[in-house]
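Participant: One structure is given below, represented as structure tokens, and several questions about it will come after.
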Amino acid sequence: MNSPVAECAPWASTFMALLPLALGWALDLLLGDPARLPHPVVWFGKMISFGEHRLNAGRCRILRGAAMAVVLVAAVFCATWLLRRAVGGVPTYGAALVVAADAVAVFYCLAGTTLIREVRQVFLALDRSLQEGRVQVARIVGRDTGGLSAQQVRTAALETLAENLSDGVIAPLFWYMLLGVPGMMAYKMVNTLDSMIGYKTERYKDFGCWAAHIDDVANYVPARLSALLMVMVAGRPRLAPFVCRNGRNHASPNSGWPEAALAAILNCRFGGPHHYFGQLFDKPYIGNCDRPLGNSDMIKAVRINRRAEVAMVLLVAASIVVRSVG
């Protein structure tokens, strides 16, 4: 006959496996990105900048960029794995330290709360003046914002909200579900590489092409999963055909999917021509209803983002329970 302790052991193990996810997510909900604390993405950015300034010159730029991207992603994965192993080897407190370290990593890798705060600030700034709105939206988009109209500022903010639901929430959790904290941290390096050098400009089109392709692969499933979660939590599964048609109307193979989902839910239009680093990029439109956007659209979009985030956390938690109990 099994003792009560033995019977409780699998559930204790499941609880410990769920704890980093719960703690990390709760910290993000409460605090957002810790502006006054050291952040791994800042370190990643410094590493990328250091390598780019020394390697993005002369011949073989594609090969140099590919080597840098692969080495940095692999280094982050291996370093995280080794650090967790070392922390877990601490006598007596190893297991608790691993849980704490994993929770902090989840906290650092999730960007849902900060993203929502920034988008809300764009709409509030725009209520004060167009110039303030342009300045505020420049914090969260890569395009040139100096000549944007009020409608374009709102559109840019909502596009970013949808796209970064995938990049900043769903994708990190997806890779956490598949490969644990090392996979989540490696994904953040992939995403940082793409955000810094994955542009088709004169400077980055060769050196950053591998970074962009790796990011495309890493986000292929999460982007489509994001779109699916958005239409499901909105109670609008019939929008799926619209998302499938319009999700391809984007220069990126992935960004169009969550944008198409939000465009369908809000019945609005995203995309179109944008300027990046002074160059015009003629992007296709996503959706057909070019109606004015307002604060009510932002409130609805934020609500959809939060619900999709909760759904993804529950999906990851369910996968952890199945693996632990099974």
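Participant: Could you look through segment 183-226, keep only residues that are within 15 Å of Trp43 (Cα to Cα) and among the hydroxyl-bearing types (Ser, Thr, Tyr), and pick out the one that is surrounded by the fewest Cβ atoms within 10 Å (Cβ to Cβ)?
Facilitator: Ser195
Participant: May I pose another question? Counting just the residues of segment 123-135 that are in contact (Cβ under 8 Å) with a residue 12 or more places away in the chain and charged (D, E, K, R), which one comes out most open to solvent (accessible area, probe 1.4 Å)?
Facilitator: Selected residue: Asp127.
Participant: Within segment 53-62, is there a residue that is within 21 Å of Ala218 (Cβ to Cβ), surrounded by 17 or more Cβ atoms within 10 Å (Cβ to Cβ) and either under 20 Å from the mean Cα position of the chain (by Cα) or modelled with pLDDT of 95 or more (or both)?
Facilitator: Scanning segment 53-62, I find no residue that is within 21 Å of Ala218 (Cβ to Cβ), surrounded by 17 or more Cβ atoms within 10 Å (Cβ to Cβ) and either under 20 Å from the mean Cα position of the chain (by Cα) or modelled with pLDDT of 95 or more (or both), so the answer is no.
Participant: For segment 119-208, which helices (runs of 4 or more DSSP H) that fit wholly inside it have 1 or more residues that are within 22 Å of Gly294 (Cα to Cα), under 15 Å from the mean Cα position of the chain (by Cα) and not small (Gly, Ala, Ser)?
Facilitator: Fully inside segment 119-208 and qualifying: 150-165.
Participant: Hey, among Leu239, Leu193, Leu228, which residue is of a type outside the set (Phe, Trp, Tyr) and touching a residue at least 40 places away in the same chain (Cβ under 8 Å)?
Facilitator: Leu193
Participant: What number goes with the only condition from (1) open to solvent by 10 Å² or more (accessible area, probe 1.4 Å); (2) assigned to a helix (DSSP H, G or I); (3) polar (S, T, N, Q) that Thr113 does not pass?
Facilitator: Unmet condition: (1).
Participant: Mind listing whichever residues of segment 28-52 are among the charged types (D, E, K, R) and either closer than 18 Å to Gly208 by Cα or modelled with pLDDT of 95 or more (or both)?
Facilitator: Across segment 28-52, the qualifying residues are Asp28, Lys46, Glu52.
Participant: Moving on to the next point. Restricting segment 229-253 to residues that are within 16 Å of the chain's Cα centre (by Cα) and at pLDDT 95 or above, which is least open to solvent (accessible area, probe 1.4 Å)?
Facilitator: That would be Met230.
Participant: Among the residues of segment 290-306, is there at least one that is out of contact with any Pro (no Cβ under 7 Å at 6 or more places or on another chain), open to solvent by 40 Å² or more (accessible area, probe 1.4 Å) and of a type in the set (A, V, I, L, M)?
Facilitator: For segment 290-306, residues out of contact with any Pro (no Cβ under 7 Å at 6 or more places or on another chain), open to solvent by 40 Å² or more (accessible area, probe 1.4 Å) and of a type in the set (A, V, I, L, M): present.
Participant: Given the options Ala57, Ala79, Ala69, name the one that is among the small types (Gly, Ala, Ser), assigned to a helix (DSSP H, G or I) and within 30 Å of Glu202 (Cα to Cα).
Facilitator: Ala69
Participant: Next question, about the same structure. Among the residues of segment 5-18, are any open to solvent by less than 80 Å² (accessible area, probe 1.4 Å), of a type in the set (D, E, K, R) and in a helix (DSSP H, G or I)?
Facilitator: No, segment 5-18 contains no residue that is open to solvent by less than 80 Å² (accessible area, probe 1.4 Å), of a type in the set (D, E, K, R) and in a helix (DSSP H, G or I).
Participant: Do we find a residue being within 20 Å of Ala101 (Cα to Cα) and of a type in the set (Val, Ile, Thr) anywhere in segment 181-189?
Facilitator: Looking through segment 181-189, at least one residue is within 20 Å of Ala101 (Cα to Cα) and of a type in the set (Val, Ile, Thr).
Participant: Any idea which of Ala156, Ala138, Ala150 is open to solvent by less than 10 Å² (accessible area, probe 1.4 Å) and either without any contact (Cβ under 8 Å) to a residue 12 or more places away in the chain or not charged (D, E, K, R) (or both)?
Facilitator: Just one listed residue meets the conditions, Ala156.
Participant: If you don't mind, another one. Return the residues of segment 82-110 that are of a type in the set (Gly, Ala, Ser) and open to solvent by less than 10 Å² (accessible area, probe 1.4 Å); say none if nothing qualifies.
Facilitator: Gly94, Ala103
Participant: Go through (1) surrounded by 22 or more Cβ atoms within 10 Å (Cβ to Cβ); (2) of a type outside the set (D, E, K, R); (3) touching a strand residue (DSSP E or B) at 6+ places or on another chain (Cβ under 8 Å) for Pro172 and report which single condition fails.
Facilitator: Condition (3) is where Pro172 drops out.
Participant: Here's a follow-up. One residue is enough: does segment 220-243 have a residue meeting the conditions closer than 23 Å to Thr201 by Cα and in contact with a Gly (Cβ under 8 Å, 6 or more places away or on another chain)?
Facilitator: no
The values are calculated or read from the model by the stated rules, or taken from the named source; none is laboratory data. Remember, it's a predicted structure, so these values are computed and weren't measured experimentally. Cβ sites come from the backbone with ideal geometry, for glycine too, and all protein chains shown count toward neighbours. Note: areas computed on protein heavy atoms with side chains; ligands, DNA, RNA excluded. Shrake-Rupley method; radii C 1.70, N 1.55, O 1.52, S 1.80 Å.
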